[in-house]
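Below: one structure, written as structure tokens.
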Amino acid sequence: MNLFSNPEFLRYARTQLRPNKVLIAAITSAVISISIGFVLTHSERAIKVPVAQTGLELLFMVFYIQAFVLAVGGGIACLNSIYSEKDHNTFDYQRITRLSSLELTLGKLFGAPLLMYFICLCFVPLAFYAAVLARARVSLILAAYLVLIVSSLTFQALTLLLSLLTIKGSQVTGVIVCLVLFSFFSIDPHGTILNVSSLGPFESAVFATARSWLIPYATDKSLVDSFFGFRVHHFLVLVVVDLFFFFSLLLAVVRNIKRDPQRYEVYSPTQSILFSLILNFLLIGFFVDWTSIIDSQSFFLTMDFFLFALLGITLLHNRERARSLLMDSRKERLWIDALWPAPILFAGAFLVNVLIVAKLFHAFSPAPRVALPFALLRSLAFIFWVVCNFQFLQCMNLRRGKHPLLLGVLYLFVYYACITFVLSSMHCFEIPQKIPIGSLFVPSAIYLLDGPAWHFNPSVWIAGFVIQLVLIALFSYLQFRQLHSLKSQLQSP
């Protein structure tokens, strides 16, 4: 498959690289390049510092500009690529073309931001001039451009998936989410929570202005990460991790771009579990603060709550999806269908927590292992909590209505916000004797479970587990009734 013969890519090339657009972009980029280069090299400060220092500052600024253009500009272009098709009601025609899912995805991914690539290319002469002034190493400049392209492609794949999954008419919201995600991925957590620097495109400026590939212990720590205690160059970490996210996002787009929107399934159950395991493996490897079992596990459970919230949403079946599955199933399988997505979420959360507890056991060996049984209880409560929430959302998603899933999420948000506010006013998350009571209504209070809190009232903690199991059974039963009703409608003449 040749990208340059891809009809979707060629369609974007004809619209993005029109002579007028190209000429305006080239002139604008040239004016900006000349202005920035002249100001930095002829300012009063530039006269007082060495030429190499001025070149490094100019090189750093050029890569920042290119990163912003290629990542943000290209990301918004990918975001609009499917939005615009939906607004013009032409996206359905693209889904029935003879192009394969991969060809259509690659055509949009590389075609939509084509003008941004050209603008980025227009700044290369300024980068070359700055590199000569700074006497930068050629290998580091090439590495910086590889980092720039890989991290930008990852962000563009994320925005393309966002454009595919969101509903028609939410373009402004998508742009805002796009900018928020870009800011989040540009944060540098090195030395605070994780022993890894930023994985965003702005890191290309750091590589371009580095003096050497060798990073001694006494010099800049931003180019060396720690993975399970081993020092690893940040270039290798950034490229490998970004490529993992890129192919994961690309897989999600390819799986769904030619499907009917009512039958979107971002990942298969096996892929969802595998993705969550790999992501937790990376978090455990880069985690730095192994000082407390409770604090360490709370961090991972919080990250996994957001992770399983996203993965769980992708596993939910709407009425159309459930109806199509029921047409191929037998009546005696309704109870199995009514448990969806509990088995997959339970398996994924169980395997992830086994990985976390095993690392806690190793990290705190032979120190206070007495706290490890409570780590197992916190993991079990987390699993029940995740399964219970999504059994409720699956039950809501089978109801009639315009946006039943959004309504279910709203119900959960209102419940947890109100009950947390009430319990906080009663100090149920501060006083050890009252913490078990808080866990009955807000399962996240299990994060505070330790030896003293358990011995105050173990029966209340056990009651919290029982309540979660009862709610899971209740929502599964309600889901069974809805599926039975759908099955009856399908069988009726």
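Read-outs throughout are calculated quantities, based only on the coordinates presented, and are distinct from any laboratory measurement. Model, not experiment: these values are computed from the prediction. Glycine also receives a Cβ, built like all others from the backbone with ideal geometry; neighbour counts cover every protein chain displayed.
Looking at the square roots a ≥ b ≥ c of the eigenvalues of the Cα gyration tensor of the stretch 263-493, which shape do they give, rounded for a/c under 1.5, prolate if a/b is larger than b/c, or oblate? It comes out prolate by the Cα gyration axes.
Each 10 Å bin from zero holds the following percent of Cα-Cα pairs in the stretch 1-73: 16, 32, 27, 16, 8, 1.
Please work out the FRET efficiency for the pair S324 and V288, using the Cβ-Cβ distance as r and a Förster radius of 60 Å; give the result to the nearest 0.05. All intermediate terms of the calculation are to be shown ahead of the outcome.
Details: r = 47 Å, r/R0 = 0.78.
Here the calculated transfer efficiency is 0.80.
Here the contact order of the stretch 1-259, divided by its residue count and restricted to Cα pairs under 8 Å and six or more residues apart, works out to 28 percent. The C-alpha atoms of the chain define a longest principal axis, and helix 7-16 lies at about 50 degrees to it.
Over the chain, Cα pairs under 8 Å with separation of 6+ residues give a relative contact order of 13 percent. Altogether, the Stokes-Einstein calculation at 37 °C and 0.692 mPa s, with the Kirkwood radius of the stretch 1-259 over Cα pairs as Rh, returns a diffusion coefficient of 167 µm²/s.
Take the alpha-carbon positions of the chain, form their convex hull, and give its projected area averaged over all directions (one quarter of the hull surface) in nm².
28.9 nm²
Rounded to the nearest 10 degrees, the angle from helix 51-67 to the longest Cα principal axis of the chain is 50 degrees. When M116, M303 are sorted by how many other C-beta atoms sit within 10 angstrom of their C-beta, beginning with the fewest, the order is M303, M116. Structure note, pairs K359/K434; K108/K487; K258/K487; K258/K402: Cα-Cα distances above 32 angstrom occur for K108/K487. In this structure the amide hydrogen of S198, modeled in the peptide plane, comes within under 5 Å of the amide hydrogens of H190, none closer than 5 places in sequence on its chain. Legend: ranking of residues L160, L398, L339 from fewest to most surrounding C-beta atoms inside 10 Å; resulting order L339, L398, L160. What angle do you read, to the nearest 10 degrees and between 0 and 90, between the alpha-carbon axis of helix 342-363 and the longest principal axis of the chain? Helix 342-363 sits roughly 70 degrees off the main axis of the chain.
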